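Participant: One structure, pasted below without further comment.
The values are calculated or read from the model by the stated rules, or taken from the named source; none is laboratory data. All values derive from a computational prediction rather than experimental measurement. All Cβ positions, even for glycine, are placed from backbone atoms using ideal geometry, and neighbour counts span all protein chains on display.
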Amino acid sequence: MDFRYTHLDALENQSIYILREAYRKFKRLAMLWSVGKDSSVMLWLLRKAFFGHIPIPCVHVDTSYKIPEMIAFRDRLAKEWGINLIVGQNRAVLDRGETFPNGRITRVECCSFLKKDALQAIIEEKDYQAVIVGIRRDEEGTRAKERYFSPRDKNFEWNFKDQPPELWDQFKTDFDAGTHIRVHPLLHWTEVNVWEYIGRENIPVVDLYFSKDGMRYRSLGCAPCTKPVQSRARTVAEIIEELRDTKIAERSTRAQDQEAEDAFERLRASGYM
Amino acid sequence: MSTLESQPNSSAHALRIVIVGHVDHGKSTLVGRLLHDTGSLPDGKFEQIQAVCRRRGMPFEWAFLLDALQAERDQNITIDVSQIWFRSATRSYVIIDAPGHKEFLKNMVTGAASADAALLLIAANEGVQEQSKRHAYLLSMLGVSQVIVLINKMDLVDYSKSVYYRIEADYRDFLAKLGIQPLRFVPITARDGVNLIAPPNDVVKWYSGPTLLRALDELTPPAPEAEGPLRFAVQDVYRFDERRIVAGRIESGTIRVGDDIVFSPNNKTSRVASIERWNAPIKDSASAGESIGIILAEQIFVERGHIGSLETQTPIETNRFRARLFWMGTRPLSTGRRYKLKLLTQEIECQLVSVDRVIDATSLDTVSGLRLSVARNEVAEVTIQARSSLVMDNHDKVAASGRFVIVDDQNVAGGGIIFGGTYVNRGRIRSTNIFWSEGTIDHRIRVERNGHRGMVVWLTGLSGSGKSTLARALETNLFNRHMQVYVLDGDNIRHGLNSNLGFSAEDRVENIRRVAEVAKLMADSGLIVITSFISPYRLDRARAREVILSASVEFIEAYVAAPLQVCELRDPKRLYKRARAGEIKNFTGIDDPYEVPENPEITVHTDRESVKESVERLLDFLIPRLQLDVAEYEI
């Protein structure tokens with residue numbers, strides 16, 4: 001056995017520490033399960049932190065536009081790992097057809113309705129004090145400025161101009177009723193780290209990430225707004241190899257980010273993940 | 001770029017570098033340029049910023065690469081920390097861009113606290129400024145010791161050698177006072193990429209040192225603290241299945257299966273039966289940084305906040321300590337207000353006892369005048385009192401357990417590092433394998449019937465300083481208030497319980513230990529115990545405090561101060577005379593030291609105050625703490 005303490009061990013230990021802090025501090029805690037690679041890593045880390053158990057519910061916000069393989073993968077894993085799966089959906093908007101591209105609204109508005117509003121509804125319904133979300137600092141500029149424990153106010157808004165200080169692994173865990181906390185245990189990971197860890201631990205992910213007919217998905221979202229990239233990477237090792245040399249941003253295939261200079265910032269400030 | 005190939009060694013830790021300095025000295029520009037020149041920008045990012053700048057009718061702004069928030073671009077300042085990754089030929093880096101503006105100090109602290117090394121940036125045309133100094137001071141407190149100083153905007157001073165060396169000399173002096181020895185000074189012009197990656201041969205002929213990137217590659221990765229004293233911070237205790245797992249992180253040192261672990265503050269000991277991990281190689285030890293679980297051989301009571309250590313290297317346990325602290329809160333840190341203190345996984349209510357020294361972070365001078373509070377952005381040395389025992393280390397011994405934050409009204413508002421605490425060798429004062437039997441009549445019930453709290457008032461001072469006089473006067477006064485009070489002094493202890501003890505160093509230690517244990521039992525039964533012993537050694541008093549606190553009883557160290565000459569003149573028992581004549585050996589003040597309390601709860605000066613005045617001052621201090629209706633002293 002190789003016992004050397006690697007950078008993956010350091011990342012893993014820090015994330016476990018954060019998950020245990022969140023579990024201890026918030027009685028009503030849930031994980032947001034997007035069914036992407038980062039979520040898979042988070043589920044794995046939950047099992048690491050709690051010695052094989054996933055003691056909190058996992059919420060999937062289903063926009064109904066997710067790529068079908070994602071739903072199949074979700075249901076299979078939920079069954080195999082005994083996950084308490086909770087599915088949230090903005091039924092009203094879907095019924096009225098107010099979605100992109102047919103509902104004559106922008107991509108950003110669509111994200112806001114189907115993801116943000118659906119998430120808000122389920123947080124309110126279940127009265128969650130905190131939600132674990134798998135965002136990373138290297139994904140995007142405003143995420144780079146996030147905290148491990150990031151408060152959202154009563155209106156779900158992120159006050160990025162006045163964030164709590166975080167030092168020496170002491171986090172903001174007290175807050176007024178009505179507000180909630182986003183917990184970000186993967187904040188310090190990079191896209192390459194995620195794949196290195198998936199490879200080392202042999203963590204299951206959706207097949208869409210691997211090359212088929214010269215294309216693969218690098219980031220997964222709704223079918224109308226997510227495009228695959230050209231790639232020959234058919235294994236985790238090949239993906240890591242590819243990412244070492246790439247100069248294409250991870251979320252460049254997510255069309256909603258590109259609508260305006262501050263499109264993603266506004267989405268996030270109003271409560272998006 | 002020939003020096004920048006793709007990452008050769010993926011298993012290397014990414015070194016975390018924070019960039020700090022005065023506002024507008026070019027931090028974000030440096031990062032933007034560095035990313036561009038190392039080929040770390042994603043395709044299209046450069047063009048995107050170009051378009052943003054054109055739309056605003058301004059020249060290309062490197063800082064926009066990092067200042068991701070609209071408000072940051074609009075005001076052209078960094079509001080919050082940003083982090084970005086890049087690689088050199090030898091390793092990966094995380095660059096933490098911290099805001100320089102004073103208003104965003106808490107964000108700067110957030111960025112710097114997690115860094116392995118720092119780049120301190122100074123604009124050559126402005127020289128060393130307020131934040132250049134304040135940031136350096138904070139780095140020294142936050143424990144970032146590897147520092148490279150960059151003198152930026154060299155183009156604005158025509159690459160002048162004399163300007164460069166003058167700034168270097170100035171700043172080197174200042175950093176030396178903080179105990180920071182910068183590894184390198186490097187002249188650069190970030191905007192033009194001068195001396196970042198490529199050597200500046202043609203522009204700065206007089207400089208022969210490394211480029212910024214080479215200087216970065218010289219830094220050493222953080223050393224794990226696997227060799228230090230074991231500190232295992234308990235986060236939680238899980239029972240998801242048949243196992244009872246004590247979960248936590250090794251903050252320092254190494255834990256091994258078979259080790260006997262002391263859990264403080266209640267100091268129960270149990271052996272490590274196994275170390276638990278999920279889906280990981282089986283290993284019978286764990287070292288600093290590892291989040292693990294342990295299963296104990298004996299079923300002792302352990303909960304979140306307990307700190308595990310080895311019996312030979314236990315931490316400090318006290319409710320009163322000194323610290324150097326920086327304050328970021330909107331409201332000042334003030335005496336009389338209650339705060340929450342967080343140290344590792346411990347959380348406890350605390351109060352500011354005194355502001356011992358406010359330090360001007362830019363001149364390092366002591367701010368004069370008596371202060372009762374610490375304002376935003378100030379650095380100070382303070383004394384803090386917690387409601388009950390706290391487990392800690394001096395920061396220079398174990399960093400992780402030597403630092404804490406203070407929460408004011410839900411928000412982390414200050415951070416501090418502990419110094420000057422006394423270590424007590426637990427092995428000498430504790431017998432093992434003795435278990436308490438807890439009766440159903442508890443402390444609370446006794447206190448309610450008495451109408452006041454139990455407490456130990458520990459008078460310490462030279463022989464003849466007036467301890468006995470004050471003890472008796474205090475006893476009379478409290479008794480007349482219908483309180484249960486008793487004085488322990490040489491007369492009733494030395495002749496009975498301690499009649500087998502002499503005055504050797506060993507016997508004196510044992511004498512004080514027994515007094516502390518008896519005082520603890522009496523106070524636990526609800527009495528106010530006033531002890532009147534010279535108790536000259538700091539360590540003995542620290543032990544006494546620990547013993548008393550272990551029963552959740554308040555301990556008041558009262559220093560009865562009077563100069564030796566005054567005491568010798570009084571000489572009520574003619575002991576000084578005999579000591580001077582050589583008839584008594586090891587007499588405190590003559591041929592044995594009296595260690596003045598560094599941090600007593602209260603000091604009375606019997607050379608300047610009448611007995612009545614001293615007693616009144618003691619009463620003013622004690623009465624509110626004895627009363628039941630004052631919630632903050634509920635212990």
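Participant: Got a sec? Which of B:I255, B:I275, B:I282, B:I261 is aliphatic (A, V, I, L, M) and assigned to a loop (DSSP other than H, G, I, E, B)?
Facilitator: Numbers: B:I255 fails: assigned to a loop (DSSP other than H, G, I, E, B); B:I275 fails: assigned to a loop (DSSP other than H, G, I, E, B); B:I261 fails: assigned to a loop (DSSP other than H, G, I, E, B).
Only one candidate qualifies: B:I282.
Participant: Can you tell me how many residues in the stretch B:449-473 are under 36 Å from the mean Cα position of the chain (by Cα) and part of a helix (DSSP H, G or I)?
Facilitator: The qualifying residues number 3.
Participant: Name every residue in the stretch B:271-284 that is more than 9 Å from chain A (Cβ to nearest Cβ) and either buried (at least 21 other Cβ atoms within 10 Å of the Cβ) or over 29 Å from B:S552 (Cβ atoms) (or both), in order of residue number.
Facilitator: Matches in the stretch B:271-284: B:V272, B:A273, B:S274, B:I275, B:D284.
Participant: So B:G100 fits all but one of (1) modelled with pLDDT of 80 or more; (2) assigned to a loop (DSSP other than H, G, I, E, B); (3) crowded, with 23+ Cβ neighbours inside 10 Å; what number is the exception?
Facilitator: Among (1) modelled with pLDDT of 80 or more; (2) assigned to a loop (DSSP other than H, G, I, E, B); (3) crowded, with 23+ Cβ neighbours inside 10 Å, B:G100 violates only (1).
Participant: Could you tell me whether B:Y423 is of a type in the set (S, T, Y) and either in a strand (DSSP E or B) or touching a Ser or Thr at 6+ places or on another chain (Cβ under 7 Å) (or both)?
Facilitator: no
Participant: Another question, then. If we only count helices (runs of 4 or more DSSP H) wholly inside the stretch A:185-273, which ones have 1 or more residues that are over 29 Å from A:Q163 (Cβ atoms)? Walk me through it before giving the result.
Facilitator: On the way: elements: A:191-201, A:236-245, A:263-269.
Passing ranges, in order: A:191-201, A:236-245.
Participant: Which residue is farthest from B:L120 (Cα to Cα), if the candidates are limited to the stretch B:21-36 and must be buried (at least 21 other Cβ atoms within 10 Å of the Cβ) and within 14 Å of another protein chain (Cβ to nearest Cβ)?
Facilitator: Ranking the qualifying residues of the stretch B:21-36, first place goes to B:L35.
Participant: Within the stretch B:365-411, can you find the residues that are within 13 Å of chain A (Cβ to nearest Cβ), without any contact (Cβ under 8 Å) to a residue 24 or more places away in the chain and buried (at least 19 other Cβ atoms within 10 Å of the Cβ)?
Facilitator: Within the stretch B:365-411, just B:G402 meets the criteria.
Participant: List the strands (runs of 3 or more DSSP E) inside the stretch B:298-389, counting only whole elements, that have at least 1 residues being β-branched (V, I, T).
Facilitator: Numbers: elements: B:307-310, B:316-327, B:338-343, B:346-359.
Where strands (runs of 3 or more DSSP E) fall fully within the stretch B:298-389 and carry at least 1 residues being β-branched (V, I, T), they are B:307-310, B:316-327, B:346-359.
Participant: Can you say whether B:F185 is buried (at least 20 other Cβ atoms within 10 Å of the Cβ), among the aromatic types (F, W, Y), more than 30 Å from B:F404 (Cβ to Cβ) and modelled with pLDDT of 90 or more, as far as the supplied structure shows?
Facilitator: yes
Participant: Within the stretch B:505-525, is there a residue that is among the polar types (S, T, N, Q), more than 21 Å from B:H605 (Cα to Cα) and under 36 Å from the mean Cα position of the chain (by Cα)?
Facilitator: Step one: filter the stretch B:505-525 for residues among the polar types (S, T, N, Q), giving B:511, B:525.
After this cut, where a residue has to be more than 21 Å from B:H605 (Cα to Cα) as well, the list is B:511, B:525.
From the residues that got through so far, the ones that are under 36 Å from the mean Cα position of the chain (by Cα) too are B:511, B:525.
Checked against the condition, which is being among the polar types (S, T, N, Q), more than 21 Å from B:H605 (Cα to Cα) and under 36 Å from the mean Cα position of the chain (by Cα), the stretch B:505-525 yields at least one hit.
Participant: With respect to B:V18, is the statement that it is assigned to a loop (DSSP other than H, G, I, E, B) and either facing another protein chain (nearest Cβ under 10 Å) or at pLDDT 75 or above (or both) true? Working first, answer last.
Facilitator: Numbers: assigned to a loop (DSSP other than H, G, I, E, B): no; either facing another protein chain (nearest Cβ under 10 Å) or at pLDDT 75 or above (or both): yes.
Answer is no for this residue.
Participant: Follow-up. Looking only at residues that are within 7 Å of another protein chain (Cβ to nearest Cβ) and surrounded by fewer than 24 Cβ atoms within 10 Å (Cβ to Cβ) in the stretch A:6-19, which one is farthest from the chain's Cα centre (by Cα)? Talk me through it step by step, then tell me what you get.
Facilitator: Filtering the stretch A:6-19 down to residues within 7 Å of another protein chain (Cβ to nearest Cβ) leaves A:6-7, A:10, A:13, A:16-17.
Pick out the ones that are also surrounded by fewer than 24 Cβ atoms within 10 Å (Cβ to Cβ) and you get A:6-7, A:10, A:13, A:17.
Numbers: A:T6: 24, A:H7: 22, A:A10: 21, A:N13: 19, A:Y17: 18 Å.
Out of the qualifying residues, it is A:T6.
Participant: Still on this structure, please answer the following. Looking at (1) buried (at least 20 other Cβ atoms within 10 Å of the Cβ); (2) more than 12 Å from chain B (Cβ to nearest Cβ); (3) closer than 19 Å to A:M31 by Cα; (4) modelled with pLDDT of 90 or more, can you tell me which one A:L220 breaks?
Facilitator: All conditions pass for A:L220, except number (4).
Every residue, every condition in (1) crowded, with 21+ Cβ neighbours inside 10 Å; (2) among the basic types (K, R); (3) at pLDDT 85 or above, yes or no:
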| residue | (1), (2), (3) |
| --- | --- |
| B:Q7 | no, no, no |
| B:T38 | no, no, no |
| B:K45 | no, yes, no |
| B:V52 | no, no, no |
| B:M58 | no, no, no |
| B:E61 | no, no, no |
| B:F64 | yes, no, no |
| B:N76 | no, no, no |
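Participant: Is it true that B:E227 is under 30 Å from A:F50 (Cα atoms) and out of contact with any strand residue (DSSP E or B) (no Cβ under 6 Å at 6 or more places or on another chain)?
Facilitator: So B:E227 fits the description; yes.
Participant: Hey, another quick one. Can you tell me which residues in the stretch A:174-191 are more than 9 Å from chain B (Cβ to nearest Cβ) and over 22 Å from A:L11 (Cα atoms)?
Facilitator: A:A177, A:G178, A:T179, A:H180
Participant: Quick one: which residue in A:I105, A:I132, A:I123 is over 29 Å from B:G414 (Cβ atoms) and surrounded by 18 or more Cβ atoms within 10 Å (Cβ to Cβ)?
Facilitator: Selected residue: A:I123, the only one of A:I105, A:I132, A:I123 that is over 29 Å from B:G414 (Cβ atoms) and surrounded by 18 or more Cβ atoms within 10 Å (Cβ to Cβ).
Participant: A:G88 versus (1) more than 14 Å from chain B (Cβ to nearest Cβ); (2) under 25 Å from A:I239 (Cα atoms); (3) small (G, A, S): which is the lone unmet condition?
Facilitator: (2)
Participant: Continuing with this model, one more query. Could you check A:W195 against (1) surrounded by 23 or more Cβ atoms within 10 Å (Cβ to Cβ); (2) hydrophobic (A, V, I, L, M, F, W, C); (3) within 17 Å of A:A30 (Cα to Cα) and say which number it fails?
Facilitator: The one condition A:W195 does not meet is (3).
Participant: Tell me, please, whether a residue that is acidic (D, E), surrounded by fewer than 21 Cβ atoms within 10 Å (Cβ to Cβ), over 25 Å from A:I122 (Cβ atoms) and at the interface with another protein chain (Cβ under 9 Å from one of its Cβ atoms) can be found in the stretch A:224-244.
Facilitator: no
Participant: Before we move on, is A:V35 on the phi > 0 side of the Ramachandran plot, more than 14 Å from chain B (Cβ to nearest Cβ) and touching a Leu at 6+ places or on another chain (Cβ under 8 Å)?
Facilitator: yes
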